[in-house]
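K.L.:
Submitted below is the structure of interest, expressed as structure tokens.
The values are calculated or read from the model by the stated rules, or taken from the named source; none is laboratory data. What you see is a predicted model; the values in this text were computed from it and never measured. Note: ideal-geometry Cβ built from the backbone for every residue, glycine included; neighbour counts use all protein chains shown. All accessible areas refer to the heavy atoms of the entire protein, side chains included, with ligands and DNA or RNA removed. Shrake-Rupley method; radii C 1.70, N 1.55, O 1.52, S 1.80 Å.
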Amino acid sequence: MAVRRERHGREQRAEADTLPARLKMRMHRVRTAVRKSGVDYFRGDGSDWIALVGLLFTVPVIACFTILDPVWCSPAVLVLPIVAGGLLLRPASLLGLYAAAAVALIVESVQLGPYAENIAAVTPGTVLTVAACGFFGLLIAQFRSRVGVPWRRGGTMLFDLRERIRTQSRLPKLPQGWHREMALRPAGGQSFSGDFVVAARTNNGRTLEVVLTDVSGKGMDAASRALLLAGAFSGLLGSLPPHAFLPAANGYLLRQDWDEGFATSIHLVLDLESGDYELYSAGHPPGLQLNAGTGRWEEKAAEGPLLGVYDGAEFDAIKGTLRPGDVLMLFTDGLVETADRDISEGIDRLTGEADRYVTGGFHGAAWHLIEAVAKDVNDDRALLLICRDNAPLG
């Protein structure tokens, strides 16, 4: 038995030592190495040699086509691999590509002759165009190298940032008899905003806690700080008693030591069984409550300083009750305040538009209210509606 196994092992080794087997093994190793390099490259972790080799190959191909038919393939076509190199290559590799492009231009110039005699030859304008594209490509490559994020991952990271902000701004489902909705419009039509919402059901689901925050700045300038604060506020919400949330948030902002680190915030603590609520504010515009019995809007203005201004700030709550048919509106200042309109005028306009929804209900009203009141405002705008239905709670 042992002799048979030994003979079988010698046969397997002999079969493995044949030329086809060795070639097959080497090809497998090459495929594995190329696949690993490609995966690492597109993840932003590996070398850029694959892209460099590919672009270096296109340079002589373009040069050959230019020499054969300069009318259909002009010398300026060399900007294509240069632009691609600025997006794909690191600065050191990019310089090698530029050297190859310069050699190609020299060869084309020699082969096509003086530009005064051949309009399809290499002209000074062609050289300047290729050089300018190369300069801007190098700037882009140096920026990517300094940031440490490849261009193919930058868009993914921004998309992930936007989705995280949207996910954290989702409101929890409320029990029967309640309706909530949120609308958020960043400044300038961007996808990123300095306004955000964090919310949670606490006290075994009986209490709804919502925090609407407006970070200083707007759009992309405030988005990164908004994401950081949204994560921190989400962790604090429900982990602390309601009266301790804003002081803890204020301390967190102070520890960041940002140059422009203040924010306004409003914190709603709503009992979903009784409708009683507390409203805490940190320099935020007042809330607005619609009294279904009178049909009038009432401002709910709590006292408190901006977040991130000074330590030891105190925040006093204002109390109220949402009865069947009542509506509570929370919003940021971008919705009611502009350079040519003060906040009181903006609130009057907002309540005037909101009165149109009293009869038919406020389902889907948040987005339409922003469109009607502050459609073209160059600021972040957010509006939160909490409605208690007329039907009794089941």
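K.L.:
Enter the accessible area per residue of segment 221-287 (Å², integer; probe 1.4 Å; all protein chains in place).
P.N.:
Per-residue value: 37 Å².
K.L.:
Next question. Could you calculate the contour length gain from W72 to D311, that is, 0.36 nm times the residue separation minus the distance between their Cα atoms, to one decimal place in nm?
P.N.:
Length difference between fully extended and current span is 79.1 nm.
K.L.:
Right, next: For segment 276-394, just say rounded, prolate or oblate: build the C-alpha gyration tensor, square-root its eigenvalues into a ≥ b ≥ c, call rounded for a/c under 1.5, and beyond that prolate if a/b exceeds b/c, oblate if not.
P.N.:
Oblate, since a/c reaches 1.5 and b/c is not below a/b.
K.L.:
Kindly write out, for segment 251-261 in residue order, the coupling ³J(HN,Hα) from the Karplus curve 6.51 cos²θ - 1.76 cosθ + 1.60 (θ = phi - 60°), rounded to whole Hz, with x marking Gly and Pro.
P.N.:
Karplus-based 3J(HN,Hα) across segment 251-261 equals x, 5, 5, 4, 5, 6, 6, 6, 5, 10, x Hz.
K.L.:
Sticking with this one: Give the ranking of L268, L128, L236 by solvent-accessible surface, highest area first, calculated with a 1.4 Å probe.
P.N.:
Sorted descending by solvent-accessible area, the residues read L128, L236, L268.
K.L.:
Same structure again: Take the Cα radius of gyration of segment 93-141 and divide it by 2.2 N^0.38 Å, with N its residue count; two decimals is plenty.
P.N.:
My calculation over the Cα atoms of segment 93-141 gives 1.25.
K.L.:
Where does each of M329, M182 land when they are ordered by accessible area, with a 1.4 Å probe and the largest first?
P.N.:
M182, M329
K.L.:
Please give, to one decimal in nm, the separation of the simple spin-label points placed at V61 and V110, each 7 Å out from Cα toward the Cβ.
P.N.:
2.4 nm
K.L.:
Rounded to a whole number, what % of the accessible area of segment 259-351 do carbon and sulfur atoms account for, probe 1.4 Å?
P.N.:
Carbon-and-sulfur percentage of accessible area, whole number: 42.
K.L.:
Taking θ = phi - 60°, what integer Hz values does the Karplus form 6.51 cos²θ - 1.76 cosθ + 1.60 yield along segment 107-120, in sequence order, with x for Gly and Pro?
P.N.:
5, 4, 4, 5, 6, 8, x, x, 6, 5, 9, 9, 5, 8
K.L.:
On the full set of protein chains, 1.4 Å probe, figure out the accessible area of H243 and give it in Å² to the nearest 10.
P.N.:
Counting only protein heavy atoms, the figure is 120 Å².
K.L.:
Would you mind computing, in nm to one decimal, how far apart the modelled labels at E273 and F135 are, each placed 7 Å from Cα along Cα→Cβ?
P.N.:
7.2 nm
K.L.:
Are there chymotrypsin sites (Phe, Trp or Tyr not before Pro) in segment 296-342 that DSSP puts in a loop and that have at most 12 other Cβ atoms within 10 Å, and which ones?
P.N.:
Y310
K.L.:
Taking the Cα centre of segment 173-323 as origin, work out the dipole magnitude from +1 charges on Lys and Arg Cβ and -1 charges on Asp and Glu Cβ, in debye rounded to 20.
P.N.:
Taking the Cα centre of segment 173-323 as origin, the dipole is about 560 debye.
K.L.:
Also: Residue by residue through segment 321-335, which ³J(HN,Hα) values in whole Hz follow from phi under the Karplus form 6.51 cos²θ - 1.76 cosθ + 1.60 (θ = phi - 60°), with glycine and proline marked x?
P.N.:
9, 9, 8, x, x, 6, 9, 10, 10, 10, 7, 9, 5, x, 7
K.L.:
Probe 1.4 Å, all protein chains in place: accessible area of T202 in Å², nearest 10?
P.N.:
We get 20 Å² for T202.
K.L.:
Same structure, new question: Please report the accessible area of V327 (heavy atoms, 1.4 Å probe, ligands and nucleic acids excluded) in Å², nearest 10.
P.N.:
Number for this one is 0 Å².
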